[in-house]
1. For Leu117 and Val8, what is the calculated FRET efficiency with R₀ set at 45 Å and r taken between the beta-carbons, to the nearest 0.05?
2. Report the relative contact order of segment 1-69, percent, no decimals, based on alpha-carbon pairs under 8 angstrom and at least 6 residues apart.
3. Using Cα-Cα distances under 8 Å and only pairs 6 or more residues apart, what relative contact order does segment 174-226 have, in percent?
4. If the chain between Val25 and Ala162 were fully stretched, how many nm would it gain, using 0.36 nm times the residue separation less the Cα-Cα distance?
5. What Kirkwood radius, in Å to one decimal, follows from the Cα pairs of segment 1-50?
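Each value in this text was obtained by applying a stated rule to the coordinates, not by laboratory testing. Keep in mind that this is a model prediction, so the values were computed, not measured. A quick note on method: Cβ atoms are made from the backbone with ideal geometry, for glycine too, and the neighbour counts reach across all protein chains shown.
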Amino acid sequence: MRIETLRVARLALSTALVLTATAIVNVYVPATRGYFNLGETMIYLTALLFDPLTAAFAGGVGSALADVILGYSIYAPATLLIKSAEGAAASFLVRKFRKWKASQKVIFALSLITVALYFMILLAIGYTLFVGEVEFSLTGLATLKGFLTPSSWMLLAILATATPFYHLIRQRGEIGLIIVALLLAGGIMISGYFLYEQVVLGYYALAEVPVNFGQVILGIAVAIPIYSILKRYQKTSENS
């Protein structure tokens, strides 16, 4: 009974965190009528801390509820499936990669190549395809409008990949494999929304690809430091 209670509490807390992170800050993308959000931060943190089922439930249900609350109900069915798959894949891959016995040099090289590919793809797509007006909204209380120029994507790409690259250089080892796992899981989200927007909704789906790339990178940049802090706290508590 205690185990079941803890599991329900974990599911509820994780789902609430994903919902809050997704809804609290969002940037509207006029071309696809979608939005940039911080949901990946909590989906990835849940994946790092808990099992694939918990990550799938929190990612899918929390994100879909946010779509409904924010008025993007047309995305909710796809979100439920896509974010569930992303969360489950992230948790599953992290656990598999932790068991992978490879040299530090191989792990570092694989991680560095993956981060570099994300940087180049984000820069290329953003620079050539996604320019124009964007709207920034903070929990519906304030809205700011801006304009993205092609040259601004160089700075955005550098900022987006700076934190994962920093952690990769500083810690290597397990962190490198975690980065790879989360980037691969993020690819499910990026491709899933592209197909849904392009095939089902008939929108100009390429416009949101760099936005979703940014969500993945930012999610990793926030989730990994929080995860590292929680791990250090856990070890301290166990040793005290």
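1. 0.70
2. Working: 76 pairs, mean separation 26.1, N = 69.
Relative contact order here is 38 percent.
3. For segment 174-226, the relative contact order is 39 percent.
4. Values: separation 137, 0.36 × 137 = 49.32 nm, distance 2.11 nm.
The span from Val25 to Ala162 would gain 47.2 nm if fully extended.
5. On the way: mean 1/r = 0.0824 Å⁻¹.
For segment 1-50, the Kirkwood estimate is 12.1 Å.
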